[in-house]
Amino acid sequence: MSFMTERYFQMLETHKLYERVSDENALRTFVEHHVICVWSYSFLLRNIYQELVSVIHPLNSQGQKEAIRLISEIILDEEVEEQHDGSLMSHMEVYMEAMQDLGADLGPIVTFFDMQDAGADWQDALEAAEFSPAITEYARCIGSFFKRPLHERAAILFYEGEPYIPDQFLSKLGLLSSKHRTHRLLDYFERHIEGLKRPGFSAAGRLVEIFCGDSDAFNEAAEKAAECAMKARIEFWNQVGLEIKTPDQTPDRKGLRLITNAV
């Protein structure tokens, strides 16, 4: 990690937002915003996968073969993972079921997907879905990298996997509502984030290493892309915190100030 990447990681790991999610209403606000992060990760994952599998041939280098294998394994986990009942679901579908269990508003995200299914590109669908300005701004920021070189996209994929969300927050979620209402959300986080935290190895991190190789320029560009994505997430987390209204807590705007001058 660069100095700024490490700093942003620590800011996300200790962000005040996790404390503000202190009741079921706050949790609903959180998931209604956070769903765009689930989308951005899955879109970026498929984006990288499609590019890699389009160049498969018998004489691929060892690095190319390893990258194709890694991205395919992540795709299997994220997009067609077997559920407890034997059915196959994507992590996005699991998350949307979790939102439904919590009584969260699915309208904008369903409109977003319906428009894309009807042929609209994601930018036009984003405009029409009536997301909050904070969600739209965050999606645009991450989406601006969808056509960038592979080493930059892989760096963002690693951090969009949210390895910085603290274990304490995940433990807290089960206490905010009945087990029935939060079990799908916990299931999502266990399958997605905890899967990415397997000790000793990160498939997304290894992709960055493969795509950057020994190039100082590629490594620097990957770090800059990661910094941009994490800075955007901090600003997004700040805005989500301001949206949360709880009976026993009002937002501390000083603690949630934007960091537009941080770099």
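The values are calculated or read from the model by the stated rules, or taken from the named source; none is laboratory data. What you see is a predicted model, and the numbers here were worked out from it, not measured in a lab. Note: ideal-geometry Cβ built from the backbone for every residue, glycine included; neighbour counts use all protein chains shown. In case anyone asks, the SASA skips ligands and DNA or RNA and just uses the protein heavy atoms, side chains included. Shrake-Rupley method; radii C 1.70, N 1.55, O 1.52, S 1.80 Å.
Starting from the alpha-carbon convex hull of the chain, give the projected area averaged over all orientations, in nm².
15.1
Would you check the chain for Lys pairs whose C-alpha atoms are within less than 30 Å, ignoring same-chain pairs closer than 8 in sequence, and give me the count?
Within the chain, the lysine pair count is 25.
Return the distance in nm (one decimal) between the two label points of a simple spin-label model at ASP105 and PHE9, each offset 7 Å from Cα along Cα→Cβ.
3.6
With a cut-off of at most 14 other beta carbons within 10 Å, and DSSP calling the residue loop, which GluC sites (Glu not before Pro) in region 82-161 qualify? Please list them.
GLU130
Please work out how much length the chain gains when fully extended from GLN116 to ILE56, using 0.36 nm per residue of separation minus the C-alpha to C-alpha distance, in nm with one decimal.
So the extension gain works out to 18.9 nm.
Using a Förster distance of 45 angstrom, determine the FRET efficiency expected from the C-beta separation of ARG148 and SER171, and round it to 0.05.
Approximately 0.80, to the nearest 0.05.
Taking R0 as 41 Å, what's the FRET efficiency between ASN25 and GLU66 from their Cβ-Cβ distance, rounded to 0.05?
0.35
List the trypsin sites (Lys or Arg not before Pro) within region 144-176 that DSSP assigns to loop and that have no more than 12 neighbouring Cβ atoms inside 10 Å.
Listed in order of number, the matching sites are LYS147.
For region 1-73, report the accessible area per residue in Å² (1.4 Å probe, heavy atoms, rounded to an integer).
Here the residues of region 1-73 average 47 Å² of exposed surface.
May I ask you to give the percent of accessible area on the chain that is carbon plus sulfur, with a probe radius of 1.4 Å?
Details: 6700 of 12990 Å².
Carbon and sulfur atoms account for 52 percent of the accessible area of the chain.
Could you check the simple spin-label distance between ARG181 and SER215, using points 7 Å along Cα→Cβ, in nm with one decimal?
Inter-label distance under the simple model: 5.0 nm.
Calculate the tail of P(r) for region 101-173: the fraction of all Cα-Cα distances greater than 22 Å, expressed in %.
Details: 1117 of 2628 pairs.
Looking at region 101-173, the distances longer than 22 Å represent 43 percent of pairs.
Which one of ALA118, SER54, ALA98 has its Cα pushed farthest toward the positive end of the charge dipole of region 50-132, where Lys and Arg give +1 and Asp and Glu give -1 at the Cβ?
SER54
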